[in-house]
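Bear in mind these aren't lab numbers, they're just calculated from the coordinates by the rules spelled out. Quick caveat: nothing in here was measured; it's all calculated off a predicted structure. In this analysis, Cβ positions are derived from the backbone assuming ideal geometry, glycine residues included, and neighbour counts consider all displayed protein chains.
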Amino acid sequence: MSLTELAADAVPADAEPSGRKIQGRSPFRLAMSRLMHDKMAVASIVVLVLIILFAIGAPLLASWTGHPYGAQYPDIARDSWGLPKGPSKQFWLGADPLGRDVLVRAAYGARISLFVGIAATVLATLIGVVIGVLAGYIGGAVDAILARFMDVVLSFPYLLVAIVIATTFRPHSTWLSLLLTITVIAIFSFAAMARIVRGQVISLKEKEFIEAARSLGAGRMRIMFVDILPNLVAPVTVLSSLLVPTSIVFEATLSFLGVGIQPPMPSWGSMLNDADYRSSLWLLFVPGGLLLLTTLAFNLLGDGIRDAFDPRSERLITRK
Amino acid sequence: MSVEKTGLKAAAAIGTLAVALAACGGGGSNGGSDEGTPQKGGTLKIAGSSVPDHIDPASAYSTVNQGFSRNWALTLFTNKASNNFNETIPNYPDAAAELPTKENGGISADGKTYTIKLRDGLKWNTNPARPVTAADFVRGLKRTCNPASPAGAPYYTDLIEGMDDFCKGYGKVDAKSAKAMGDYQEGHDVSGYTAKDDKTLVVKLKQPAGDFLNIIGMSFASAAPKEYDNYIPDSPEFRQHTVSDGPYQMTSYSDKKFVLERNPNWDAASDKLRKAYVDRIEIDLGQDSPDQVEQQLEQGTADLAWDQPVPTSAIPRLAQAKDKRFRLQDNPGVNPYIVFNTLSPNNKGALGKKAVRQAIEYAIDKVAIAKNYGGVNVAQPVRSAVAPGNVGYDANYNPYPTNNDSGDPAKCKQMLSAAGYPNGLTLKFPYRTNSNHPRNAQSIQANLQACGITVQMSPDTNGNFYGTTLVTPADAKAGKWDIAAPGWGPDWYGNNGRSGLQPLFDGRMYGPNSPDYGGYNNDQVNKLIDQANQAQTQAEAQTAWAQVNKLVMDDAAIVPLITQKFSTYQSARVRDTLFLPAFQTYDYSLVWLAKK
């Protein structure tokens, strides 16, 4: 349901003679209203908006501080032993081991984390939904093959395979490494999505409205993508909102291990990898804190969305 | 010749030093004898990471292994361990009775024939004890070109008469048959390396070589007993049956641990270089993390590190605490440096142009690179292809000066523009992902970017970097890489141009696995190298190699970056730890353990 439709809904279609207006509220509006009453979800949205602003404002931060993300200041930001200097007037959140501004890098890192998190989720969702719908609706041999394929993907020790893929196709530019990272994450995330979609489709295709559509002469493609797909919006939304933080952590893990985003593009994971915690605690707390905050916010929001769409389901964290 | 080994000292200084040494009779105060009376006994515990690639002295080519074999496989000549770098440069007779000179008749007038006498008291640890003979040294040299596990150094075939033919024939022998190899060795002679009698070796060179004592003093050329003919060189069986003529013998060998114990036949009185205080040396392997090893040394569960320096992150803490057990040892070499692929067709062959390479010489902030290693206390910027302490070094030579060695990107940009590249370049830069290399790569990338050069970095493993990426001429010619930052260290200090400058810049050697990675070739340089190799005196060698250095730097064949010190830590109870810079290790035969 689009926003314009929602706006239209808000206008009372008709006034009851008694003077009391009774609004017809769609399931989506009901869900949104429940979500907006969920304090944790609202707080998460606020946090995420701030982080998104932080990411969008990265170039501004760079120009305010005068420190582009790749620029190194070995003379002023590192001591004579080569160790990075901590927070100061010039470097608000301190410098990294190469003498770069941690604040600016964290902001650019936010771009990477959010971009990878969302792009990988979108890609995984697309693949997952298409495969799930095909397997669930067509059934038979197609289902058997696709379902086994999902099982195989799910049974891989994903981190090991991800490392093998990332090291085999050593990307020659940071952009390629970004693309590769997103692809690797999507490959290992779509199967869970596909499996759930498949289950939903199997139960949906037995419903009367599908039979009705079929009896009206609708083709397979139309039934799959016009009749069934809209009914998957709720579970897919919930799943993808939870997939975003997973993807962000996945990216951070790969970059931490040195096989994700390649330098000098900053990512929270590679910033953590670069940190010598014993001498420079800010190198741990800045990217680590942001990563924690972002994934927590996405998780709580995802939880809120699930509650809103399906109030009977269990919460990730119980709240009073 | 080895990747990332280490360097050598100004030849001009060497003469002076030798005099100074003679005056004070060796081990000066800087050479560092610890307080207290040396005590015999105890077990020296060494903590190491990987299993050495080779144990057989005929093929062992890593620094620490060559240093290790000094304890049980003596060479004709060697260096003295000391914590004063300059004292480690001169050659001393080890198995030889004296240093051959023209004056004592050891070297012929034309400089091509060496007559080397063995000293008394050399015995194998066999039962009954058997003297080490000149024939054993001949066997040792012959083994360097065995087809099963040959030495990686080219010096012997290049220099010794008849060695080339001997090795060519040996290469055709079945490498899986110990008998076939033993038979070939006993049945064929090297015309230029013969035993005149039990105690006299006669060496004939193709041309004079001022560095021959260093070359024949490498562990490759240590003596080999006839028992070695029973085993395939460096095979597991060989490793179980090593025979010793040094103070220690290997009594147990496995991939996880090896143990040295006293050689009962060793004659302490006749060995001028070793003391052998400890009874037993245990080397425990498999401790891959430098942090883990450092922890053991600090806690005293191990005494010395086998093959790893102090972790970079621990250096500031130890240095600032003025911890006396922490040391930074001189280990000069140009490591790392930036090499240009002069054959690359990328950017219309820009890197083949001298003016472009010269522009890039100005771009790099070498102090920043030094900071990646712990700052200028640990690593110093290098201004030419020769590091301090190596032959050919000239402290006043600084062909591409920048303020405080911190780089001048504006000058680089302007020169690049003048060279016909006003819009900069795009360079492919494979970098190693181990150690400090990712940080170096990012420093270099940022510096070049400031000069208008876009750098495309691609990660590479250390093994692949040296084993494939840089040493495949077809890839270089196809432009698969443009710049790289490898390291290099000579095999010995002193007159070491043959081991330092020549491998990197002699274009006649370019081919698969050549360390002249970028295919640099200049006929004038090659000619000068030949002259420098034949220099008879240190002064001649110094002048000749300094000229090679100058030509190479005029051509901007490489951008020298830094020279590093080697950081060590030791347990509280070890005393008289004296360093062997060429081997990046302490001399275990001089160490003693203080009782608690």
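A straight Cα-to-Cα reach below 21 Å connects B:LYS123 with the lysines B:LYS142, B:LYS196, B:LYS199, B:LYS226, B:LYS272, B:LYS275, residues fewer than 8 places away in its own chain not being considered.
For the range B:220-295 and the range B:139-215, what is the centre-to-centre distance using only Cα atoms, to the nearest Å? Taking the Cα centre of each part, the range B:220-295 and the range B:139-215 sit 24 Å apart.
Eigenvalues of the alpha-carbon gyration tensor of the range B:476-544, scaled by 5 and square-rooted, set the equivalent ellipsoid semi-axes at 25, 14, 8 angstrom, largest first.
Summing charges over neighbours of B:ILE364, with a neighbour being any other residue whose Cβ is under 11 Å away from its Cβ, gives -3 when K and R count +1 and D and E count -1.
Summarising the strand pairing of chain B, around 75 percent of its internal DSSP beta bridges are antiparallel. How shielded is B:305-318 by partner chains, expressed as the average number of their Cβ atoms within 10 Å of its Cβ atoms? If you average over the peptide's residues, the count of other-chain Cβ atoms is 2.
Each of B:GLN308, B:ALA359, B:TYR337 was scored by the projection of its Cα onto the charge dipole of the range B:270-373, and the greatest displacement toward the positive side belongs to B:ALA359; charges sit on the C-beta of Lys, Arg, Asp and Glu.
At 222 nm, what value in deg cm²/dmol follows for chain B if DSSP H runs of at least 4 each add -39500 (n - 2.57) and the sum is divided by all its residues, to the nearest 500?
Using -39500 (n - 2.57) per qualifying helix, the result is -7500 deg cm²/dmol.
Using Cβ point charges alone (K and R +1, D and E -1), the dipole size of chain A about the Cα centre works out to roughly 240 debye.
A Cβ-based charge dipole, computed about the Cα centre of chain B with Lys and Arg at +1 and Asp and Glu at -1, lands at about 820 debye. Computed from point charges on the beta carbon alone (+1 for Lys and Arg, -1 for Asp and Glu), the dipole magnitude for the protein assembly as shown about its Cα centre is near 1700 Debye. Note on chain B: percent of Cα-Cα distances in each 10 Å bin, starting at 0 and stopping at the bin with the largest distance, equals 3, 17, 27, 27, 18, 7, 1, 0.
Loop-only trypsin sites (Lys or Arg not before Pro) in the range B:148-185, please: DSSP not H, G, I, E or B, and at most 14 other Cβ atoms within 10 Å.
Answer by residue number: B:LYS172, B:LYS176.
Using the Kirkwood radius built from alpha carbon pairs, what does the Stokes-Einstein equation give as D for the protein assembly as shown at 37 °C and 0.692 mPa s, in µm² per second? Estimated via Stokes-Einstein, D reaches 104 µm²/s.
Suppose only helical runs count, i.e. DSSP H with n ≥ 4. What mean residue ellipticity at 222 nm does that imply for chain A under -39500 (n - 2.57) per run, divided by all residues and rounded to the nearest 500 deg cm²/dmol? Mind dumping the intermediate values first?
On the way: 13 runs with 210 residues, N = 320.
Counting only the DSSP helices, I get -22000 deg cm²/dmol.
Could you pull out every one of the lysines with an alpha carbon less than 25 Å from that of A:LYS39, ignoring same-chain neighbours closer than 8 positions? The qualifying lysines are A:LYS320. The order of the peptides B:367-376, B:500-509, B:50-59 by mean Cβ neighbours within 10 Å, most packed first, is B:367-376, B:500-509, B:50-59. For helix A:158-168, what angle does its Cα long axis make with the longest principal axis of chain A, in degrees from 0 to 90 and rounded to 10? Tilt relative to chain A: about 60 degrees. DSSP beta bridges confined to the protein assembly as shown are antiparallel in about 75 percent of cases. In a DSSP loop and with at most 16 other Cβ atoms within 10 Å, the GluC sites (Glu not before Pro) in the range B:50-115 are B:GLU98, B:GLU103. When every Cα-Cα distance of the range B:295-443 is counted in 10 angstrom steps from zero, the calculated P(r) takes the values 9, 31, 32, 17, 8, 2, 0 percent.
Among the lysines, which have Cα under 17 Å from the Cα of B:LYS428 when same-chain residues fewer than 8 positions away are ignored? Partners found: B:LYS348, B:LYS353, B:LYS477, B:LYS480. For the range B:243-327, the equivalent ellipsoid built from the Cα gyration tensor has semi-axes of 30, 17, 9 Å, listed from largest to smallest. Here the relative contact order of chain A, from alpha carbon pairs under 8 Å that lie six or more residues apart, stands at 24 percent. Counting Cβ atoms of other protein chains within 10 Å of each Cβ in A:81-92 and taking the mean gives 3. Tell me which of B:LEU528, A:PHE250, B:ILE283 sits at the most positive position along the dipole axis of the protein assembly as shown, charges placed on C-beta atoms (Lys, Arg +1; Asp, Glu -1). Projecting each Cα onto the dipole axis, the largest value belongs to A:PHE250.
Let me test this: with uniform point scatterers at the alpha carbons of the range A:15-144, what is the Debye-based log₁₀ I(q)/I(0) at q = 0.11, 0.17, 0.23 1/Å? Debye output, listed in q order: -0.70, -0.98, -1.22. Each Cα pair under 8 Å and six or more residues apart adds its separation to the average, and for chain B the resulting relative contact order is 24 percent. The fraction of all Cα pairs in the range A:124-221 landing in successive 10 Å bins from 0 to the largest distance is 16, 35, 27, 14, 7, 1, given as whole percents. Of the residues B:TYR510, B:THR469, B:LEU593, the one whose Cα sits farthest toward the positive end of the charge dipole of the range B:459-596, with +1 on the Cβ of Lys and Arg and -1 on the Cβ of Asp and Glu, is B:LEU593. The C-alpha atoms of chain A define a longest principal axis, and helix A:140-155 lies at about 30 degrees to it. Cross-linked pairs B:LYS179/B:LYS257; B:LYS354/B:LYS413; B:LYS206/B:LYS550: Cα-Cα separations exceed 18 Å for B:LYS179/B:LYS257; B:LYS206/B:LYS550.
Of the cross-linked pairs B:LYS45/B:LYS117; B:LYS80/B:LYS371; B:LYS256/B:LYS324; B:LYS102/B:LYS204, which ones have a Cα-Cα span greater than 24 Å in the structure shown? Over 24 Å Cα-Cα: B:LYS45/B:LYS117; B:LYS80/B:LYS371; B:LYS256/B:LYS324. Hey, could you get me the Stokes-Einstein D for the range A:38-319, Kirkwood radius over alpha-carbon pairs, 37 °C and 0.692 mPa s, rounded to whole µm² s⁻¹? This corresponds to a translational diffusion coefficient of 159 µm²/s.
Determine the shielding of peptide A:252-260 by partner chains: average, over its residues, the number of Cβ atoms on other chains within 10 angstrom of each Cβ.
Counting Cβ atoms of other protein chains within 10 Å of each residue's Cβ and averaging gives 1.
Axis of helix A:39-56 versus longest Cα principal axis of chain A: the two differ by about 50°, to the nearest ten degrees.
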